[in-house]
Amino acid sequence: MQANCPNCSQRIVIDDAKVPDRAFSVKCPKCQTVVKFPGKGAAPPTIAVAAAPATATFAVPPASGAFPAVTPTAGPAETPAAESGPSEEMRAQMMAQLRRELAIGEGRPAGRAMVALPDRARAGAMALPLTRLGYQVDTVDNPGEGARLLEQGVYDLVVTTRAAAAGGRESLYQRINRLSADGRRRIFLVLVGDEFKTGDGTQAWAVMADLVIAARDVPNADATLLPTLAERTRLYQVFLDARKRLEASAV
């Protein structure tokens, strides 16, 4: 057993055969400093070693450059949102609000609407919410007759397509675009077609319509029609009031 003197660093060597079982002390032969030694029965001092920080392991891609496939851990299943229109209660509330904005009283229609679609089922589906809203709805099979009434300023709302009727040279949509600025401004134009995305404002602006509806969405058209019609009514309220005053003064 050996140790160094803490004072002068003198090396002190003790024969292992003479080391007792318990701790003992000896004097440094050089500076007489007392140096303590552990006995044979004493456990060697334990040196606490700080744990090395964890080393991040990175996967090295193979020489081909392709990474091995990774199987993602399955998380909780996401429930897709229901893609349905508003409930009947919500539709009723929307209609009631719009009727108030249009100032529709008992026995007073919201206006006159024309639905001119080649598919009668779709024409009926479009006419239903307008009737509930208070419009007097005419389902027109003859675009020529509809165009004649249109030019007389009879209709406030028109639902049609861009295409001309079978055998027709000009579509109702084209006739609407030939109206005067004031006549065109009076009409809320809804275009129906497979080429449209329902409620797309950019498409509506490009075809000079107030609203576009995809043909497949016609059964639920009121979900888009009602809020758009309400917004348009608010937007043109000043114009509508001025028009009413002008018409009243002309009588």
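Quick notes on this one:
- Breaking point among (1) within 19 Å of Asp119 (Cα to Cα); (2) assigned to a loop (DSSP other than H, G, I, E, B); (3) touching a helix residue (DSSP H, G or I) at 6+ places or on another chain (Cβ under 7 Å), for Glu170: (3)
- Against the list (1) of a type in the set (A, V, I, L, M); (2) under 17 Å from Gly111 (Cα atoms); (3) touching a helix residue (DSSP H, G or I) at 6+ places or on another chain (Cβ under 9 Å), the condition Ala223 fails is (2).
- Among the residues of this structure, Asp200 does not count as one that is of a type in the set (D, E, K, R), at pLDDT 90 or above, surrounded by 13 or more Cβ atoms within 10 Å (Cβ to Cβ) and farther than 17 Å from Arg232 by Cα.
- Cβ-Cβ under 7 Å pairs, at least 6 apart or on other chains, region 169-188 side without any contact (Cβ under 8 Å) to a residue 60 or more places away in the chain, far side of a type in the set (Val, Ile, Thr) and part of a helix (DSSP H, G or I): Arg184/Ile176; Ile187/Ile176
- So Arg186, is it over 36 Å from the mean Cα position of the chain (by Cα) and either under 16 Å from Tyr236 (Cβ atoms) or basic (Lys, Arg) (or both): no
- Lone qualifier among Glu89, Glu106, Glu195, Glu170 - being at pLDDT below 80, under 32 Å from the mean Cα position of the chain (by Cα) and over 17 Å from Ala230 (Cα atoms): Glu89
- In the set Arg178, Arg234, Arg216, only one residue is of a type in the set (D, E, K, R), in the same structural domain as Pro129 (by TED's automatic domain parsing), modelled with pLDDT under 85 and surrounded by fewer than 18 Cβ atoms within 10 Å (Cβ to Cβ); that residue is Arg234.
- Within region 2-14, considering residues that are in contact (Cβ under 8 Å) with a residue 12 or more places away in the chain and out of contact with any strand residue (DSSP E or B) (no Cβ under 6 Å at 6 or more places or on another chain), the one nearest to Lys36 (Cα to Cα): Pro6
- Identity of the residue in region 110-144, assigned to a helix (DSSP H, G or I) and not hydrophobic (A, V, I, L, M, F, W, C), that ends up farthest from Glu170 (Cα to Cα): Arg132
The values are calculated or read from the model by the stated rules, or taken from the named source; none is laboratory data. Since this is a predicted model, take the numbers as computed values, not measurements. As a convention, Cβ positions derive from the backbone with ideal geometry for all residues, glycine included, and neighbour counts pool all protein chains shown.
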